[in-house]
Amino acid sequence: MTSKFLRVLLAVAVTFTFSALAQTGSAATPSSAVSAPASPAATAPATTTGTSKVGTININEAIFGSNEGQRDVTTLTKKFEPKQNELKSQNDELEALKKQLSTQEGKLNEDALATLKRQIESKQKLFDRAVQDAQEEFGTQQQEIASRILQKMAPMIVKYSQENGFNMIVDTSKPWPQSPVLWWGEAIDITKPVVEAYNVQSGVPAPAAPAGAGAKPVAPKPGAGAAAPKPPAPKPAEAPKQ
């Protein structure tokens with residue numbers, strides 16, 4: 001059971017993509033993985049199905065809600081700030097050209113108008129491609145963070161489950177209907193104690209609270225009601241109408 005469960009958990013890391021990490025939405029979301037501290041050794045209640053104890057864990061929340069996950073995603077986001085500024089400049093330039101087209105379309109001759117439209121279309125294509133490349137690069141590096149942390153966290157999940165008599169742990173990272181899990185209660189969720197135990201093992205300190213705030217930053221919970229960090233790219237502008 002141990003080796004099979006471990007292989008399944010490690011395989012989850014391979015499935016992380018930017019779109020999955022950025023999606024929002026589940027009404028059936030366990031509480032944040034970095035809420036009020038509790039003893040890492042605390043036993044999470046489990047539901048009993050016959051003689052089997054079933055628990056749940058939000059793998060995404062466990063990874064990115066850990067101190068290490070928050071630290072590494074913050075570092076990654078800062079790394080992409082120059083790219084964000086570059087894309088913002090491109091977007092501003094596009095918007096200025098489109099405004100020029102809108103205000104001068106009736107005043108320009110056919111050649112000047114055609115030249116302006118070609119310029120906008122060319123810059124639009126370059127901008128859209130730059131945004132896509134930034135998203136893919138950010139997603140790839142975020143996936144590497146998730147995979148690295150999960151490799152260290154997976155044995156801990158197995159150990160915790162065995163010590164607390166669980167026969168099955170279900171991942172609730174994705175909301176129904178993307179996941180077969182329609183609903184679950186917080187009482188059977190082991191995300192929080194696993195994160196707390198992992199924080200102790202990793203030795204990574206908790207992120208500092210923002211200035212003027214007394215609470216810890218909330219970990220990103222992809223697919224469960226909060227948006228994960230997105231690659232720093234402005235929204236692509238629409239192409240000019242012909």
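Observations, loosely collected:
- In terms of its C-alpha gyration tensor, segment 131-176 comes out oblate, because a/c is 1.5 or above while a/b does not outweigh b/c.
- Among residues other than Pro193 with Cβ under 13 Å from its Cβ, the summed charge is -3 (Lys and Arg +1, Asp and Glu -1).
- Taking amide H as placed 1.01 Å from N in the peptide plane, the amide H of Val170 sits under 5 Å from that of Gly55, Thr56, Ile57, each at least 5 places away or on another chain.
- ³J(HN,Hα) computed for each position of segment 71-80 - Karplus, 6.51 cos²θ - 1.76 cosθ + 1.60, integer Hz, glycine/proline x: 4, 6, 5, 4, 4, 5, 4, 5, 4, 8
- When each of the peptides 140-147, 196-203 is scored by the mean number of other C-beta atoms lying within 10 Å of its residues, the order from highest to lowest reads 140-147, 196-203.
Read-outs: derived from the displayed coordinates by stated rules, not from any lab. Quantities reported herein were computed from a predicted structural model and do not represent experimental measurements. Glycine also receives a Cβ, built like all others from the backbone with ideal geometry; neighbour counts cover every protein chain displayed.
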